[in-house]
Amino acid sequence: MLKLSKSLNINARRCSNIASKIILEPLKNRGLLQVKGNETKEFLQGLITNDLAHLSECTGGSMYTLFLNTKGRVLFDAIVYKTDNSDVYLIECDTKIEEQLMKHLRMYRVRKKIDIVSLNNEYKMHILFKSDCIRKTREQSEYNTELDLPLKSTLIKKGNDILMFKDPRITDLGCRIISKLDVKLEKDLSVSTQISSPNCSENYKVLRYSLGVGEGVEDLPVGNCFPLESNCDYLHGISFHKGCYLGQELTARTHHTGVTRKRLMPLLFERAPSLLPNENTIKIDKINLGKLRGIEQNLGLALLKIETVLEIREFKVGDELAKVWRPHWWPLELPKEKFGAQKT
């Protein structure tokens, strides 16, 4: 069970430098697991791509990570939370694969004294973000040289039945909130700032797709994609310095010796296509460019061949023309990509 203190004074400016509309949206497709026990840290270290050592033992924080299979393919994406120096970790995941993740954890638990339970009957997830972080055109600050991509995200507020964390991936993704089911977040948060509800053009999925960030089984199909293709390295979800973990060998080899030629990238349509490509495969002149992962309003997310699509810039997806661009939070130049291009 979570133990929360009894003080709450939300300061919206701690979440981000807010000057306009703040949107609070329930994350109905995200669940919460609790993993508890003396051996929990060592247990999770052997299963996740990131390093729990980055989370403060005293103040806690949040961390983006992946669970892989033995072949190095992505099984589940997750955010791990820690609030204090206890042996309790919280794992946020897609509700569609929550039972699969629990089975995965229990299978590798073996004889360790670790409890794994769902908290969905007690707690709920929300996202709090700025509407002006939605990037609908590639002309909007394509590159950001002052980007904050921390190895971990600090715990912003710990209050009466509520926890607020900065998103550990990109600052534009705002804050994630864990609260008891009966807590009226809109009322509590509106004490210090004006809160708006999501709509069809301003919601969390639109925000993610405008940034080119994948999340959940729709964007990261179970056992069907690789960590670097999913931008996990750019989002600080992988540690290349910690010890071994499940699926580590192929991931490390790709990072140190290979070139990642395909990655998840955002798409912009003038209007959403009414006809999708066969098997979601994007082609131009019989050249395979990649796979469409999803569409939300006039934005899309696709796994694409980086060099090819950035040279073309515009291509048909289904029955509509799509524009693609390099997300502003990607590194400006990747040494391995440059090296790989010189060799070919």
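Every read-out reported here was derived from the displayed coordinates using simple, explicitly stated rules and does not represent laboratory data. All values reported here derive from a predicted model rather than from experimental measurement. As a convention, Cβ positions derive from the backbone with ideal geometry for all residues, glycine included, and neighbour counts pool all protein chains shown.
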Whether the stretch 184-300 is rounded, prolate or oblate, judged on the alpha carbon gyration tensor where a/c under 1.5 counts as rounded: oblate
Residue exposure sequence - 101, 128 - by fewest surrounding Cβ within 10 Å: 101, 128
Which order results if 108, 89 are arranged by neighbouring Cβ count within 10 Å, fewest first? 108, 89
On a full-extension model of 0.36 nm per residue, what is the gain between residue 312 and residue 218, subtracting their alpha-carbon distance, rounded to one decimal in nm? 31.2 nm
Going through the cross-link list 96/291; 103/166; 41/113, which pairs have a Cα-Cα distance over 19 Å in this structure? 96/291; 103/166
Relative contact order for the stretch 172-307: what percent, with Cα pairs under 8 Å and sequence separation of 6 or more? 26
Can you spot the aspartates and glutamates whose alpha carbon is less than 20 Å from residue 283's alpha carbon? Ignore those fewer than 8 places along the same chain. 219, 229, 270, 307, 311, 314, 319, 320
Setting aside same-chain residues fewer than 8 positions from residue 180, which aspartates and glutamates have a Cα under 14 Å from its Cα? 122, 161, 188
Fewest-first sequence of 208, 109 by Cβ atoms within 10 Å of each Cβ: 109, 208
